[in-house]
Amino acid sequence: MSLKYEHIIWDLDHTLWDFDTNSTETILELLHEFDLIEKPIMEPQKFLEDYIRINRHCWDLYQMGEMDKETLRYTRFQQAFELNGVSSESSRELSDRFCEEYVVRCPKKNALIDGAVEILDYLKAKNYKMCIMTNGFIEAQHVKMHVSGLNSYFDHVFISENLKAKKPDPKAYYAVLNALNTKVENCIMIGDSASSDIQGAVNVAMDSIHFLPDGSTETKGTHAIKELMQIKEIL
Ligand SMILES: [Mg+2]
């Protein structure tokens, strides 16, 4: 039976690589090593929740071109520190030191989203060609792919910093189609982000699978799934 699609274009963070688990583990280690627990950070769990919320917001701004990479890197920690008892006088310096360690350590974590390896094995066995398309940073994404063992599944890793355009910009998608030497109808995008992965696919009329682990079904994508294994019903 011939396949409807030839290429599967995967997002990396929050879709295959378990960003929240890996990031949380790294931050908890660093809060201890920087001796920040109890004084000033009374509730590490609250700090983590604040950080996750702020980080997502900063990434939205980065993806819209409204925040640069360097600002993103320290701002997310600085704001979370200030909400958790660190004075504004010392928060910037602390954020710089904390972030420097975080960006080296976090990509070396290897937790994957449930079902990631199983679904990649399944798709590889069906001879789909698979690539990654990510808005993450070059130095981090290659380490994540290598350490987590994801490298072996993908022919290409397309990183927005190299493409000179970020999802959802059609330029990024056309650059990928060009590199794959294929047409949009031969591809399907899989990702968790409505504003980047799915909006980008919609912008170039590419089919898509919206990974929504919270179980919501509202999407502009072609399909919505709660678990990666549901991809078997589609591909
Ligand atoms: Mg993502």
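The values are calculated or read from the model by the stated rules, or taken from the named source; none is laboratory data. The structure presented is a predicted model; accordingly, all values stated were derived computationally and were not measured. Note: ideal-geometry Cβ built from the backbone for every residue, glycine included; neighbour counts use all protein chains shown.
Out of the residues in the stretch 158-204 that are within 14 Å of the ligand (Cβ to nearest atom) and among the β-branched types (Val, Ile, Thr), which is nearest to Leu228 (Cα to Cα)?
Checked the stretch 158-204; the qualifying residue nearest to Leu228 (Cα to Cα) is Ile190.
Taking Ala140, is it within 15 Å of the ligand (Cβ to nearest atom) and either at pLDDT 95 or above or of a type outside the set (Phe, Trp, Tyr) (or both)?
Working: within 15 Å of the ligand (Cβ to nearest atom): yes; either at pLDDT 95 or above or of a type outside the set (Phe, Trp, Tyr) (or both): yes.
Yes.
Taking the stretch 209-235, which residues are under 15 Å from Tyr128 (Cβ atoms) and buried (at least 19 other Cβ atoms within 10 Å of the Cβ)?
If the condition is that a residue be under 15 Å from Tyr128 (Cβ atoms) and buried (at least 19 other Cβ atoms within 10 Å of the Cβ), then Ile209, Leu228, Ile231 are the ones that fit.
Considering only residues that are among the polar types (S, T, N, Q) and surrounded by 20 or more Cβ atoms within 10 Å (Cβ to Cβ), look in the stretch 1-22 and name the one that is farthest from the ligand (Cβ to nearest atom). Full working, then the answer.
Start the filter on the stretch 1-22 by keeping residues that are among the polar types (S, T, N, Q), which leaves 2, 15, 21-22.
Now narrow it down to the ones that are surrounded by 20 or more Cβ atoms within 10 Å (Cβ to Cβ): 15, 22.
Details: Thr15: 5, Asn22: 13 Å.
Per the criteria, the residue is Asn22.
Hey, any hits in the stretch 197-213 for a residue that's part of a helix (DSSP H, G or I), modelled with pLDDT of 95 or more, charged (D, E, K, R) and in contact with a helix residue (DSSP H, G or I) (Cβ under 8 Å, 6 or more places away or on another chain)? Walk me through it before giving the result.
Restricting attention to the stretch 197-213, the residues satisfying the condition of being part of a helix (DSSP H, G or I) are 197-203.
Next, from what is left, pick out any that are modelled with pLDDT of 95 or more: 197-203.
Within this subset, residues satisfying the condition of being charged (D, E, K, R) are 197.
Still in the list and also in contact with a helix residue (DSSP H, G or I) (Cβ under 8 Å, 6 or more places away or on another chain): none.
Within the stretch 197-213, not a single residue is part of a helix (DSSP H, G or I), modelled with pLDDT of 95 or more, charged (D, E, K, R) and in contact with a helix residue (DSSP H, G or I) (Cβ under 8 Å, 6 or more places away or on another chain).
Return a yes/no flag: does the stretch 64-75 have any residue that is closer than 30 Å to Glu233 by Cβ, within 16 Å of the ligand (Cβ to nearest atom) and surrounded by 14 or more Cβ atoms within 10 Å (Cβ to Cβ). Outline the logic, then answer.
Start the filter on the stretch 64-75 by keeping residues that are closer than 30 Å to Glu233 by Cβ, which leaves none.
Checking the stretch 64-75: not a single residue is closer than 30 Å to Glu233 by Cβ, within 16 Å of the ligand (Cβ to nearest atom) and surrounded by 14 or more Cβ atoms within 10 Å (Cβ to Cβ).
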